[in-house]
1. What percent does the relative contact order of the chain come to when contacts are Cα pairs within less than 8 Å and at least six residues apart?
2. Suppose we flag GluC sites (Glu not before Pro) only when DSSP calls them loop and at most 13 other Cβ atoms lie within 10 Å. Which is the longest uninterrupted stretch of the chain?
3. Residues in the range 136-161, backbone N under 14 Å from the label point at residue 210 (7 Å along the Cα-to-beta-carbon vector): list them, ranges by number please.
4. In nm, what is the difference between 0.36 nm times the number of residues separating residue 101 and residue 58 and their Cα-Cα distance?
5. Exceeding 24 Å between C-alpha atoms, which entries from my cross-link table qualify? They are 104/275; 61/190; 104/172; 166/239; 166/278.
6. Using amide H atoms built in the peptide plane, which far-off residues or other-chain residues are under 5 Å from residue 134 H to H?
7. Could you identify which residue out of 237, 148, 192 has the top mean-square fluctuation in a GNM of the chain using Cα springs shorter than 10 Å?
8. With an 8 Å Cα cut-off and a minimum separation of 6 or more residues, compute the relative contact order for the range 172-278 in percent.
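Please treat every number below as a calculation from the coordinates, not as lab data. Everything quoted here is computed from the prediction, not taken from an experiment. Quick reminder, even Gly has a Cβ in these numbers, built from the backbone with ideal geometry, and neighbours come from all protein chains shown.
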Amino acid sequence: MQIRFSAFNKTVVAILLLALLCLTVCAQRKSASNNSSVDVLVQGAMDSELQPLLAALEGKKQIQLAAWTFWRGKIGSKTVVVSRTEIGTINAVAATTLAITTFKPKLILNQGTAGAHDPDLKVFDIVIGESTVDFSPYRSTHADAGAGIDQSHRSPIPHRLRLDGKEQVVFKSFPGDQEIIQTALDTPYKRGRILKGIIGSAFEFNREIDRMAWIRKTFGTASEDMESAFAAGTAAGFKIRFLAIRIISNSEFYSPKFEEIAGEYCAAFVVDVIKRLK
């Protein structure tokens, strides 16, 4: 027996399937959220930046939401969600937004590896983000064809957030939470120094020293990564406490090889920070 569907029936079926999909996704998010806020959301872009965190996470449950993976459990006395944001700006914003709306964290810690902009920083030094800044947006002056490219003619463009739907607030950078900064600075660490600094972010991997020198002069950056500032901006929009913690994994000034083990060292340090939280 053949069953023929009219265009109307096909539309009805499509609508029902879409509704079922929406209900399924909503049910997954409701189950993942467990209807309670977590103390800490801690983020890392790559598996190599997460292993000590996952090893420390007691009673962990893996949760997949669209393209992003989360693990929920406890570290010490704190309820914690570990987020693999994946690499880059789009992933950072999407994973942070999804985690905030699903798990309702009280604090966000973005952590992982970074390249040095400050020539004095050594591999395995840790930078505590007194602020984070997106160093990719700029406005240039007009130049005719053939005039070349001159970074000195570029000026930064700040981000703007319309908090509470009211007037726009200008963010030249996103400040880190002062209380958590102090907790991080007081946490023991034996593999290098712990310093406060401005953590820079862009979807870039810079190896040209003159380019990095211009970024540092213009934005005051100590290091660069691809996620921190974008997670910070998302947290600011939701008015959630935030801190970036980044370990130097490479420096074009004296040690350009990327040290993957740095990601584990940073994550282990962050486990200790979480255990010290009040």
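1. Across the chain, relative contact order equals 26 percent.
2. The answer is 1-166.
3. The answer is 148-153, whose backbone nitrogens lie closer than 14 Å to the label point.
4. Full-extension gain reported as 13.2 nm.
5. Those over the limit are 61/190; 104/172; 166/278.
6. 201
7. 148
8. With pairs under 8 Å counted, the relative contact order is 31 percent.
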